[in-house]
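Scroll down for the structure; my scribbles are underneath it.
The values are calculated or read from the model by the stated rules, or taken from the named source; none is laboratory data. This one's a predicted model, so the numbers in the text were calculated from it and none came from an experiment. Note: ideal-geometry Cβ built from the backbone for every residue, glycine included; neighbour counts use all protein chains shown.
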Amino acid sequence: MKFIDYGCLDYRKAYELQTEYLKKRIAGEIYDTVLMLEHPPVVTIGRLGSETSIIDRAALKRRGIDIIPVDRGGDATYHAPGQLVIYPIVDLGAYGRDIHRYLAYLETFLADLLGAFGLKAAIIGGRRGAWIGEKKAASIGIAVKRWVSYHGVSINVDCDLEPFSFIRVCGDAAIQVTSIARETGMPIAVTEVKERVQRLFIRRFHEDCCSAAC
């Protein structure tokens, strides 16, 4: 499994990269690959969302924040610098072809990652992502093509949270969001989180996913 850090990358460019890696993984030209990056401010709306997921379009426009429909699962979310986005391009065919198991693995990984910063994260049935109390700290939205996953997860590390109030997060205006920095009361660099991703991701991948193929 290979991890690649792309720094801060425009969402559309990152999507093009994902599709390139996706095609190569489907063709067997590369091994499983995990992309780590941040995005300039952008709102994306998944397949379960619609224009009704936007609460304050004028506020987004004033900030120059684009709204982009995407082919992942889920509804609306916000990306910005200070949020770590992880796109695993993973062949699920080698791991039981079990999408629900893969999603559960991602949630456990997110809980592990938040736990590494002393935060007790909850996984709530029927509400994808990782939660600290009633506040969402990390989101999941994936897609699968020919049993290869793309899109992935986002973790609020130390980002501006206000634009989340301009949308219905995951289609629910009542959802509140938080970040690692807000919960710990300390500034946290995305690089600090990236340093922990590879070890925790591989550990959970082998513990949770490999057993499905055994």
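Of note:
- In the range 18-40, the condition of being part of a loop (DSSP other than H, G, I, E, B), surrounded by fewer than 16 Cβ atoms within 10 Å (Cβ to Cβ) and among the charged types (D, E, K, R) is met by at least one residue.
- Residues satisfying the stated conditions in the range 165-200, i.e. part of a loop (DSSP other than H, G, I, E, B) and either acidic (Asp, Glu) or in contact with a His (Cβ under 8 Å, 6 or more places away or on another chain) (or both): Asp172
- Filter result for Ala174 (farther than 13 Å from Thr77 by Cα and of a type in the set (Gly, Ala, Ser)): yes
- Any hit, the range 144-160, residues being over 16 Å from the mean Cα position of the chain (by Cα), within 26 Å of Pro41 (Cα to Cα), modelled with pLDDT of 90 or more and of a type in the set (Ser, Thr, Tyr): no
- The residues of the range 102-126 that are on the phi < 0 side of the Ramachandran plot, touching a residue at least 24 places away in the same chain (Cβ under 8 Å) and not aliphatic (A, V, I, L, M), listed by number, are Tyr102, Tyr105, Glu107, Thr108, Phe109, Asp112, Phe117.
- Pair list, Cβ under 7 Å, 6 or more apart: the range 28-41 residue within 23 Å of Arg203 (Cα to Cα) and of a type in the set (S, T, N, Q), other residue part of a strand (DSSP E or B) and at pLDDT 95 or above: Thr33/Ile4; Thr33/Ile89
- Matching residues, the range 113-131, being buried (at least 20 other Cβ atoms within 10 Å of the Cβ) and more than 25 Å from Arg97 (Cβ to Cβ): Leu113, Leu114, Ala121, Trp131
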